[in-house]
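> Pasting a structure here, questions to come.
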Amino acid sequence: MKGIKWKRIKNVRRRAVKYFFVFLLFMLLCTVVSRGIYAYQMPRVEIGQAAQKSISHTISAIGNVETKREVAVVIEEGIRIREICVKAGEEVEKGTVLFRLDILDLKDLIEGLNKKIGIEKEKITALKANSYTEEQAVKNTWQRAKEDFLNTTQIQNKKVSNAQKAYNTAVNKLSSYPSWEVYLMEEKKKDSQYQTLKSEAEKETALKKEKEEFSLYEDALKLSARSTWEEGKKVLEEDVSANQSNLSTIKEEKKAAILEAKRNMEDAKKNTPIDKSGIMEEEDILLQMEKQLADYQELLKNKGRIVSDINGYVSNICITAGDRTTDSAALLLADGSKGWSFRAMLTEEQTEYIKVGDMVTLQFQNGKVKEENCQVEAINKTKEEETYEAIVKFTEINVSLGETGVLEVTNQTDPYSCCIPLSALYSDNQKDYILLIRETDTIMGTELSVVKKEVIIQDKNESEAALEDNSLGEDDRFVVYASKAVAPGDKVRLLEEDDERK
């Protein structure tokens, strides 16, 4: 009986142990599943380390081809245009026919002008026959008034010229005044104390005190240099303003002086005997008629053809066939012999990476035509706020006047000691930070978490950022990519090779 009981107890114990191990196995399975779910819900991250490298900045700006010189083609006034032989944008050589005039109309004009000249000569002969004995005295009065007018004009023009030169000199001095960055750089170079402190602070063995001393000295130098630079610029600006005001005043004085001299001359002219004043006026008219006749005859000799005097491009046609010519330009020619200019618009930010004298590349026709090593001649601020224009000189390229192209230039900085991908950079309340990886041992094993570290950016482009020196240690790792939003303190797991970025 006791043997049977012992056997039952033994069987119960065996089943209990069996069930216990089943329970432990079940708990282990639950733990594994729970850990898997826990790990699956974690953000997956890709990590990286800081590297030493340079930051490149690529500037791209759209612009147009311009000429450095335009020549106006002016035709004698009053002649009908029969044919326009060129079109805007067309390249022309010296001797190319630009216009053809109406020959019949030109002959009629010559015939009519000859008749007018004959009548004018008879009129002058009649006026001379009726001159008075007071002619010489009145003539002397008129001559003196005319000389006074010419002398006054000459003197006033010289005053205006001198004032204009003074103003231009002041403007040139202001425009050549160095920018704040260039001025500060030169001040730093000249300051031996600054260079000494900088050298000591940049050493690897430099103490915190030495760095702080350098920082304080640098701030003081900047403050002093800024004050001096602003004062110098203010003096130049005031000089420009004073010269501009003086130029305006002298121009007004010139206007008043010439007006008075002209009135005196007109008063003297009124005292001239009618026949004599009439003679001078009619002689002027005759002179103009004879000059116009000579121009007409020269055009007739050339069979009404107007040709180009230069090699260039037709930049603008100001008249149409059938119109009569006026005293203004009928056509404008772009003279390419002095070279071409490319004018491109820049933002204020772009001007930090392109300077006068830089060599750039110009591309036209979607990159089919390219001109390399073109020099930037000027960078000027436009009337629009925060907008600048770059003027680039180039020659010997197969493009048309006014053609649109793209200016490109890439500038490489000196190597920075601590560069990171731009994707690793976060911003909060206008402060930049990165997420460092930290390892923690837990009952679940080694876990990864992220901590926030604020950083100071020295430079950056579209893909990388350069941090302040010594921002990160050699072993520091940070988040470069996260499968979902990550905040400081979050637990994360590494992105496996077979995982795909979302």
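> Do you know which of the residues in the range 398-417 that are open to solvent by less than 30 Å² (accessible area, probe 1.4 Å) and among the aliphatic types (A, V, I, L, M) is farthest from the chain's Cα centre (by Cα)?
399
> Another one. Could you list, ordered by first residue, the pairs with Cβ atoms under 6 Å in which the first is in the range 209-226 and farther than 15 Å from residue 189 by Cα and the second is at pLDDT 85 or above and open to solvent by 80 Å² or more (accessible area, probe 1.4 Å), at least 6 apart or interchain?
Listed pairs, sorted by first residue: none to list.
> Could you tell me which numbered condition residue 317 fails, if it satisfies all but one of (1) at pLDDT 80 or above; (2) in contact with a Ser or Thr (Cβ under 9 Å, 6 or more places away or on another chain); (3) not small (Gly, Ala, Ser)?
For residue 317, the exception is condition (2).
> Give me the pairs, please: first residue somewhere in the range 185-198 and free of Cβ contacts under 8 Å to residues at least 24 places away in the same chain and basic (Lys, Arg), second residue anywhere and open to solvent by less than 80 Å² (accessible area, probe 1.4 Å) and part of a helix (DSSP H, G or I), beta-carbon distance under 7 Å, and either six or more positions apart or on two chains.
Going by the 7 Å Cβ cut-off, the qualifying pairs are 198/214.
> Report, by residue number, each residue of the range 464-491 that is of a type in the set (Val, Ile, Thr) and either within 39 Å of the chain's Cα centre (by Cα) or modelled with pLDDT of 85 or more (or both).
Scanning the range 464-491 gives 479, 480.
> Right, residue 395: in contact with a Gly (Cβ under 6 Å, 6 or more places away or on another chain) and either among the polar types (S, T, N, Q) or open to solvent by 50 Å² or more (accessible area, probe 1.4 Å) (or both) or not? Talk me through it step by step, then tell me what you get.
Numbers: in contact with a Gly (Cβ under 6 Å, 6 or more places away or on another chain): yes; either among the polar types (S, T, N, Q) or open to solvent by 50 Å² or more (accessible area, probe 1.4 Å) (or both): yes.
Answer is yes for this residue.
> Looking at (1) surrounded by 12 or more Cβ atoms within 10 Å (Cβ to Cβ); (2) in a helix (DSSP H, G or I); (3) over 28 Å from the mean Cα position of the chain (by Cα), find the lone condition where residue 189 falls short.
Among (1) surrounded by 12 or more Cβ atoms within 10 Å (Cβ to Cβ); (2) in a helix (DSSP H, G or I); (3) over 28 Å from the mean Cα position of the chain (by Cα), the lone unmet condition for residue 189 is (1).
Yes or no, residue by residue, for (1) in contact with a Phe, Trp or Tyr (Cβ under 8 Å, 6 or more places away or on another chain); (2) more than 30 Å from residue 202 (Cβ to Cβ); (3) free of Cβ contacts under 8 Å to residues at least 40 places away in the same chain; (4) loosely packed, with under 12 Cβ neighbours inside 10 Å:
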site	(1), (2), (3), (4)
419	no, no, no, no
432	yes, no, yes, no
447	no, yes, no, no
450	no, yes, no, no
453	yes, no, yes, no
457	no, no, yes, no
465	no, no, no, no
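> For the range 282-299, name all the residues that are open to solvent by 60 Å² or more (accessible area, probe 1.4 Å) and at pLDDT below 85.
Correct list: 283 only.
> Keeping to the range 112-132, report how many residues are open to solvent by less than 80 Å² (accessible area, probe 1.4 Å) and among the polar types (S, T, N, Q).
Summing the residues that are open to solvent by less than 80 Å² (accessible area, probe 1.4 Å) and among the polar types (S, T, N, Q) in the range 112-132 gives 2.
> When residues of the range 148-186 are filtered for being among the hydrophobic types (A, V, I, L, M, F, W, C), under 30 Å from residue 269 (Cβ atoms) and open to solvent by less than 70 Å² (accessible area, probe 1.4 Å), how many remain?
Qualifying residue count, the range 148-186: 2.
> Looking at the range 244-252, can you tell me whether even one residue there is part of a helix (DSSP H, G or I), open to solvent by 90 Å² or more (accessible area, probe 1.4 Å) and of a type outside the set (S, T, N, Q)?
yes
> Restricting attention to the range 63-78, does a residue exist that is among the acidic types (Asp, Glu) and under 30 Å from residue 410 (Cα atoms)?
Yes, the range 63-78 contains a residue that is among the acidic types (Asp, Glu) and under 30 Å from residue 410 (Cα atoms).
> Criterion first (at pLDDT below 85 and touching a Lys or Arg at 6+ places or on another chain (Cβ under 9 Å)) does residue 180 satisfy it? Step through it out loud before you land on a result.
Values: at pLDDT below 85: no; touching a Lys or Arg at 6+ places or on another chain (Cβ under 9 Å): yes.
No.
> Of the conditions (1) of a type outside the set (A, V, I, L, M, F, W, C); (2) in contact with a helix residue (DSSP H, G or I) (Cβ under 9 Å, 6 or more places away or on another chain); (3) closer than 30 Å to residue 124 by Cα; (4) surrounded by 15 or more Cβ atoms within 10 Å (Cβ to Cβ), residue 312 satisfies every one except a single condition; which number is it?
(3)
> Condition test on residue 201, is it at pLDDT below 85, touching a Lys or Arg at 6+ places or on another chain (Cβ under 9 Å), surrounded by 12 or more Cβ atoms within 10 Å (Cβ to Cβ) and under 30 Å from residue 269 (Cα atoms)?
Here the answer is no, as residue 201 does not meet what is asked.
> List every residue pair whose Cβ atoms lie under 7 Å apart, where the two residues are 6 or more positions apart in sequence or sit on different chains, the first residue falls within the range 248-262 and is on the phi < 0 side of the Ramachandran plot, and the second residue, located anywhere, is surrounded by 15 or more Cβ atoms within 10 Å (Cβ to Cβ) and acidic (Asp, Glu).
If the second residue must be surrounded by 15 or more Cβ atoms within 10 Å (Cβ to Cβ) and acidic (Asp, Glu), the pairs left are 261/148.
> (1) open to solvent by less than 70 Å² (accessible area, probe 1.4 Å); (2) more than 21 Å from residue 349 (Cα to Cα); (3) in contact with a strand residue (DSSP E or B) (Cβ under 9 Å, 6 or more places away or on another chain): which one isn't true of residue 441, the others all being true?
(1)
> Another one. Between a residue in the range 107-127 that is farther than 13 Å from residue 278 by Cα and any residue that is not small (Gly, Ala, Ser) and not in a helix (DSSP H, G or I), which pairs come within a Cβ distance under 7 Å, given they are 6 or more apart or on different chains?
109/79
The values are calculated or read from the model by the stated rules, or taken from the named source; none is laboratory data. As the structure is a computational prediction, the values presented were derived from the model and not from experiment. Cβ sites come from the backbone with ideal geometry, for glycine too, and all protein chains shown count toward neighbours. Calculation scope for accessible area: heavy atoms of the full protein, side chains included, ligands and nucleic acids excluded. Shrake-Rupley method; radii C 1.70, N 1.55, O 1.52, S 1.80 Å.
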